[in-house]
Every structure is written in structure tokens, then in C-alpha cells.
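As C-alpha cells, the structure follows; a few thoughts come after it.
The values are calculated or read from the model by the stated rules, or taken from the named source; none is laboratory data. Since the model is a prediction, treat every value here as computed from it, not as a measurement. Every residue, glycine among them, receives a Cβ derived from its backbone with ideal geometry; neighbour counts consider all protein chains shown. Only protein heavy atoms, including side chains, enter the accessible area calculation; ligands, DNA and RNA are left aside. Shrake-Rupley method; radii C 1.70, N 1.55, O 1.52, S 1.80 Å.
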Amino acid sequence: MFESFKIENLSFKYSCNSPILQNIFLSAKESEIIEILGRNGTGKSTLFNALTISSDFTGSTFLNDIYIPQKKLIKQISYLPQNSFLPKETTVKSAVKMFPLSKDKKNEILQDNRISSISNQKIASLSGGEKRYLEFLVINNCPKPIKFLDEPFSEVEPIFEQKICEQITSNKKGNLYIITDHKLSVMKDLCTRFYLLINGSLIEITDKNEIVKYGYAYDI
């Protein structure tokens, strides 16, 4: 049973360049929804990629307070990257059936009010908002307790932003969400805790007004 996830002293750099991430520490528990704030280029996506794709980081990760190597950690993570991962020339219905989801979960996605009307269309014909919403549904329904969502609200219309928020909130029990997104108007009410990635370091925000202090927003 999933209870907690922790990152200790994680650092990452590309080749001989200066470190992008330095001594990152993050501690999270089941049912939390955590936002990692930061301007473009500060390393938010790099943090997700370091933990799921690249193995060139230093530091340690823990699941339920027990050290876990990356090759085992990635089996516990569902990752929604910034860039689309759906095969363009297949239909929505075929794409959903490709993923390792239960039959019930696949049917649930295909019966979604928005998805049911486009299920026979090719991925390439979808709008940015339709594609992003579909990608979110696939990742959110994967049976892995840690969810990394990199800009899940990108190009998504307000009515479906709300649906995404509702699904995250209803699915948080037994799971952990770590999200990056620039839509503070949405995130400030959705998330239970906030971190700010700045100058390669991760700072926990204990008061939402600190986001203004660090210059990330004028008001919140």
C-alpha cells in the first residue's frame, strides 16, 4: 500500500554543464496534491524526466520510507509529459485500447461525454484541448500511485479544467499528485501544498503570499 514518497539531495546536469537541479528535497504523503511552481526553463520538466527517463541524477528516492532505485520507482509513476505521446494516425478508440488499463477503465474513458463524440477520429485531427484532456484521462486512470502531471491544463478549456480538477480530487485517495502548471487561478484551489523551483533549488511555500514575494505572481 502506498503511503509516502521522498526525494533527498537530488542533483542533475546535462553533460559538463552547470547543474540544473541542486540538492532537491521533497517529501509527500498519500492523498496530497502538490504543485511545483517555477518560470519556464527552471527545471520543472527536467525534474520529472530525471526521475522517469534519465538515470543521470545523484541523490536518493524513497517509497514508504524505504530506499527505492529508479528502475523500480518508475513502475510506480504515471507521467503526463508536456509533449503529446499519442500516436497521431490511430483513432481515439484504438489509442485508448493500447494502454495497460482495465477494461472498465478503458470503457469509462471512451464513455466520457467529451471523448465519446470523438472516439472514431484520428488523434491528428483533435484540437489541442481535446488531445490534452484525453491524455490526462489515460494517465489518471493508470494503476500507479504516483502521478506526475506536466502542464495538464495546457490548451484545455475552462469547463474541462474543472473536470480535470474534479477527477484529481476524487482520485487522490491512495495516490499522490505532483503537478506543474502556470495556471495559478486553477492550482491555488486544487493543491494542498506548493513548492517553488528557483535557481535549481526547491523551496516549500508555507504561505501562498510567498509566491508573490518571490516574484512568481502579483497576487494570489
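A compact table of results
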| quantity | calculated |
| --- | --- |
| Calculated diffusion of region 83-156, Stokes-Einstein form, Kirkwood radius summed over Cα pairs, 4 °C and 1.567 mPa s, µm²/s | 104 µm²/s |
| Nearby aspartates and glutamates by direct alpha-carbon distance to Lys75 (threshold 20 angstrom, same-chain neighbours under 8 apart not counted) | Glu3, Glu8, Glu30, Glu32, Asp56, Asp65, Glu135, Asp150 |
| Among 63-73, 39-49, the order from most to least packed when residues are scored by Cβ within 10 Å on average | 39-49, 63-73 |
| Solvent-accessible area, 1.4 Å probe, carbon plus sulfur percent, for the chain | 48 percent |
| Computed Rg/Rh of region 136-218, alpha carbon atoms with Kirkwood Rh | 0.97 |
| Calculated from backbone phi, Karplus (6.51, -1.76, 1.60) coupling profile of region 100-116 in Hz, x at Gly/Pro | x, 10, 5, 4, 4, 5, 4, 5, 4, 5, 5, 8, 4, 3, 7, 6, 4 |
| Region 137-208, accessible area per residue, ligands and nucleic acids excluded (1.4 Å, Å²) | 41 Å² |
| Residue pairs, from the table Lys44/Lys172; Lys13/Lys71; Lys105/Lys172; Lys29/Lys122; Lys105/Lys208, whose Cα atoms sit over 28 Å apart | Lys29/Lys122; Lys105/Lys208 |
| Packing-based order for 75-88, 178-191, using average beta carbon neighbours within 10 Å, highest first | 178-191, 75-88 |
| The chain: relative contact order in percent, alpha carbon pairs under 8 Å with at least 6 residues between | 28 percent |
| P(r) histogram, all alpha-carbon pairs of the chain included - 10 Å bins from 0, percent | 8, 33, 36, 20, 4 |
| Length-normalised contact order of region 61-175 in % [C-alpha pairs under 8 Å, at least 6 apart] | 33 percent |
| nm² value of the averaged projected area, convex hull over the Cα atoms of region 28-114 | 8.4 nm² |
| Dimensionless Rg/Rh of region 1-52 - Kirkwood Rh, Rg from C-alpha atoms | 1.01 |
| Percent antiparallel among DSSP beta bridges (both partners in the chain, rounded to 5) | 55 percent |
| Region 7-56 - accessible surface per residue (Å², probe 1.4 Å) | 48 Å² |
